[in-house]
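Structure record follows, encoded as structure tokens.
The values are calculated or read from the model by the stated rules, or taken from the named source; none is laboratory data. It should be emphasised that the depicted structure is a prediction, and the values quoted were computed from it without experimental measurement. Neighbour counts run over all protein chains shown; Cβ positions are idealised from the backbone, glycine included. Each accessible area value is taken on the protein alone, full model and side chains, heavy atoms only, with ligands, DNA and RNA left out. Shrake-Rupley method; radii C 1.70, N 1.55, O 1.52, S 1.80 Å.
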Amino acid sequence: MIKDIVVHLTGSQEDEVRLAYAEAIGARFDAHLTGLYTHILPEVIGGDGVALIAIEPLIEQSNSQADATLERLEQRLDRLTMPHEARRLDVLPGTAGDALAVEARTADLFVATRPYGDPADAMNMEVSVLFGSGRACLFVPPKAPATPVFGTVVVAWNGSREAARAVAEAMPFLKLAGQVIVVMVGEGEAAKSGGDIARHLSRHGISAVIGMLDAGAEGTSEALLAEVRRVGAGLLVMGGYGHSRLREWILGGTSRHILAKADVPVLMAR
């Protein structure tokens, strides 16, 4: 069950999209919603007294703007009909993703705009949450419709650890879905495990349609997005793939393409 939702707020117009999804999900599961506003502090370069004095007005201005933004967000959250709270994270540049990941670890679901979608988040903090929180991340498309529909859910399955984690985290959504379609791209181990995932879902009361996809010339990510559009799915569930490089998480090619192009919410876990 989903009882604790954290939604990432940045003070941009995309906050309303994220809140619309989080509110609809929270109402369905009778959950508590925490709006987490990330305030990026001015970066201080140099340690001499002159530099610190020069930065003080910038810090004061930044804090004043953050106070006003948080007050506006609190007023928006007060219109919700569910238990809620607004919190502010004061973080230095480059540390916001890690701070968000820590907060998301004690929630059931983290809701954010998909990476490369929020104009207020040039650093793609959400990627750090995906790889560092150990929790489900629901990435919604920018400027998405205000009312989410999860009638048909597509699950991308390849038998991997990441795919298994995504299915486990998505169970509350899969149990509510009108139709669950498990798709596998390619052959080999993915095809062999199709029967296994079907049996696993059936034991949770989920009757899933299992199918294979041909990646074709455009590749796995485009094949998945085409299938989502073909069946009119409202949610795509898949594992989050990538690797760490110099303390920065780098998305794999398929995950990156999906999160750059998907026009439906994507639930990812790792």
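First check a/c for the range 141-182, with a ≥ b ≥ c the square roots of the eigenvalues of its C-alpha gyration tensor; if it is under 1.5, answer rounded, and if not, answer prolate when a/b is larger than b/c or oblate otherwise. Prolate. Extension gain for the segment residue 106 to residue 230, taken as residue separation times 0.36 nm less the Cα-Cα distance, is 41.0 nm to one decimal. You can think of it this way: the chain between residue 61 and residue 3 has 17.2 nm of extra reach, that is 0.36 nm per residue less the Cα-Cα gap. For the set 241, 116, solvent exposure ranked by accessible area (probe 1.4 Å, protein chains only) runs largest to smallest as 116, 241.
The residues of the chain expose, per residue, 47 Å² of accessible area to a 1.4 Å probe. Average projection, convex hull of the Cα set of the chain: 15.1 square nanometres.
Distant-in-sequence amide contacts of residue 84, defined by a placed amide H-H separation under 5 Å and a gap of 5 or more residues or a different chain, comprise 33. Which one of 95, 81, 113 has the biggest mean-square fluctuation once the chain is modelled by GNM with Cα springs under 10 Å? So, out of 95, 81, 113, the one fluctuating most is 81. Neighbours of residue 87, meaning other residues whose beta-carbon lies under 11 angstrom from its beta-carbon, give a summed charge of -3 when Lys and Arg score +1 and Asp and Glu score -1. For the range 73-118, applying the loop criterion from DSSP together with a ceiling of 10 other beta carbons within 10 Å to the trypsin sites (Lys or Arg not before Pro) yields 79.
Carbon-plus-sulfur accessible fraction, the chain (probe radius 1.4 Å, protein heavy atoms only): 51%. Peptides 158-166, 202-210, 261-269 ranked from most to least packed give 261-269, 158-166, 202-210, packing being the mean of other C-beta atoms within 10 angstrom over each peptide's residues.
Entry note, the chain: relative contact order of 19 percent, from Cα contacts under 8 Å with a spacing of 6+ residues. Rounded to the nearest 5, what % of DSSP beta bridges with both residues in the chain are antiparallel? Bridges in the chain are about 15 percent antiparallel. GNM on the chain, alpha-carbon springs under 10 angstrom: the most fluctuating residue among 216, 134, 242 is 216.
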